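Below: the structure, in structure tokens.
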Amino acid sequence: MSQPAKTSPRASAVSDAPETPAGTKAAAQRLKMRRELAAAAMELFANKGYEATTVDEIASVAGVARRTFFRHFRSKEEAIFPDHDDTLTRAEAVLDVAPAHEHPLDTVCRGIKEVMKMYAASPAVSVERYRLTREVPALREREIASVARYERLFTRYLLAHFDETDHHDGNDDPLLAEVAASAVVTAHNHVLRRWLRAGGQGDVEAQLDHAFSIVRKTFGSGIGAGRTLSTAPAPEPAAAPASVRTQGEVLVAVARTDAPLDEVMRTIEEALRNK
């Protein structure tokens, strides 16, 4: 990714922010005002400090009345996260229109990419917001609350893609859904923080896809197991990647040519232990 433009956070917050989804003119104007208030808050927090900045000052810099501020935000710490409500809506829309054949965990990974798009649309603003949240505990707490909303959304989605007839006491589906959703969000946030610490530079999408591939490999086998994803006939059970037999003091291993090396080695090690 190219070097972020050297513009003020306030200017970038308005001009570089992602477009609002199709909706009413009033909704677009509301989001624009939220972003302007957020830009004013960030400018004041950077120049005066968080504690010394008042809501009246934020409203004044934005050119609006105090009551206008409180129509959009409940507190000054909430003001520097103007896009999370809109982004959460877009993430939910991704889940709602997911194709039937797509693995649920892949859908969730696509959904949280809406969050990364929000940050990547305004690198300079995002880097400054990251600095502020590291310095101000109240802002950090607000950020954590926003993350929890995404986790709840993805947990509900994943849980809905288990076999509903198998939900009973002692069943691990709710645990797996919650852990997998948390893993997706954690992987996203790990890549996001690394990108922000690098000043908003680098191919963040490629880094994100790599992180998601790890999550998919770790948690993807159980989710959606009770869901029919297509009308195609079920594939034949795959042959074991490797088999081992002993002949006296000789260990004979037979493996497919495409078998992963770590699986072959694990099979051999287990055979040696059991010999």
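The values are calculated or read from the model by the stated rules, or taken from the named source; none is laboratory data. Just so you know, these numbers come straight off a predicted model, no measurement behind them. We place every Cβ from the backbone using ideal geometry, glycine too, and count neighbours over all the protein chains shown. For the accessible areas, the whole protein counts, side chains as well, though only heavy atoms, and no ligand, DNA or RNA atoms are used. Shrake-Rupley method; radii C 1.70, N 1.55, O 1.52, S 1.80 Å.
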Go through segment 35-58 and count every residue that is closer than 20 Å to R142 by Cα and either in contact with a Lys or Arg (Cβ under 7 Å, 6 or more places away or on another chain) or of a type in the set (S, T, N, Q) (or both). 9
Subset of segment 31-73 [under 25 Å from the mean Cα position of the chain (by Cα) and surrounded by fewer than 18 Cβ atoms within 10 Å (Cβ to Cβ)]: K32
From the residues in segment 139-154 that are open to solvent by less than 30 Å² (accessible area, probe 1.4 Å) and of a type in the set (A, V, I, L, M), which one is modelled with the highest pLDDT? L153
Output the residue which, of all residues in segment 133-164 that are in contact (Cβ under 8 Å) with a residue 60 or more places away in the chain and small (G, A, S), is nearest to K76 (Cα to Cα). A138
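Looking only at segment 87-111, count how many residues are under 17 Å from R152 (Cβ atoms) and under 15 Å from the mean Cα position of the chain (by Cα). Even if it seems obvious, please write down each step before you answer.
Start the filter on segment 87-111 by keeping residues that are under 17 Å from R152 (Cβ atoms), which leaves 87-96, 104-105, 107-109, 111.
Still in the list and also under 15 Å from the mean Cα position of the chain (by Cα): 87-95, 104-105, 107-109, 111.
Of the residues in segment 87-111, 15 are under 17 Å from R152 (Cβ atoms) and under 15 Å from the mean Cα position of the chain (by Cα).
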Write out, first by first residue and then by second, each pair whose Cβ atoms fall under 7 Å of each other, whose residues are 6+ apart or on separate chains, and whose first residue, in segment 87-99, is within 7 Å of E114 (Cβ to Cβ) and without any contact (Cβ under 8 Å) to a residue 60 or more places away in the chain while the second is part of a helix (DSSP H, G or I) and of a type in the set (K, R). V94/R110
What are the residues in segment 83-114 that are within 30 Å of T54 (Cβ to Cβ) and in contact with a Phe, Trp or Tyr (Cβ under 8 Å, 6 or more places away or on another chain), if any? L88
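Conditions (1) closer than 17 Å to M118 by Cβ; (2) modelled with pLDDT of 90 or more; (3) under 18 Å from the mean Cα position of the chain (by Cα), marked per residue:
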| residue | (1), (2), (3) |
| --- | --- |
| R156 | no, yes, yes |
| A198 | no, yes, no |
| F212 | no, yes, yes |
| T228 | no, no, no |
With the condition being modelled with pLDDT under 90 and basic (K, R), I'd like the helices (runs of 4 or more DSSP H) fully within segment 1-109 carrying at least 2 qualifying residues. 25-48
Give just the number: which of (1) of a type in the set (D, E, K, R); (2) surrounded by fewer than 19 Cβ atoms within 10 Å (Cβ to Cβ); (3) within 14 Å of P82 (Cα to Cα) does R129 not satisfy? (2)
When you go through A187, A120 one by one, which is the residue that is in contact (Cβ under 8 Å) with a residue 24 or more places away in the chain, open to solvent by less than 70 Å² (accessible area, probe 1.4 Å) and either in contact with a Cys (Cβ under 7 Å, 6 or more places away or on another chain) or closer than 28 Å to A46 by Cα (or both)? A120
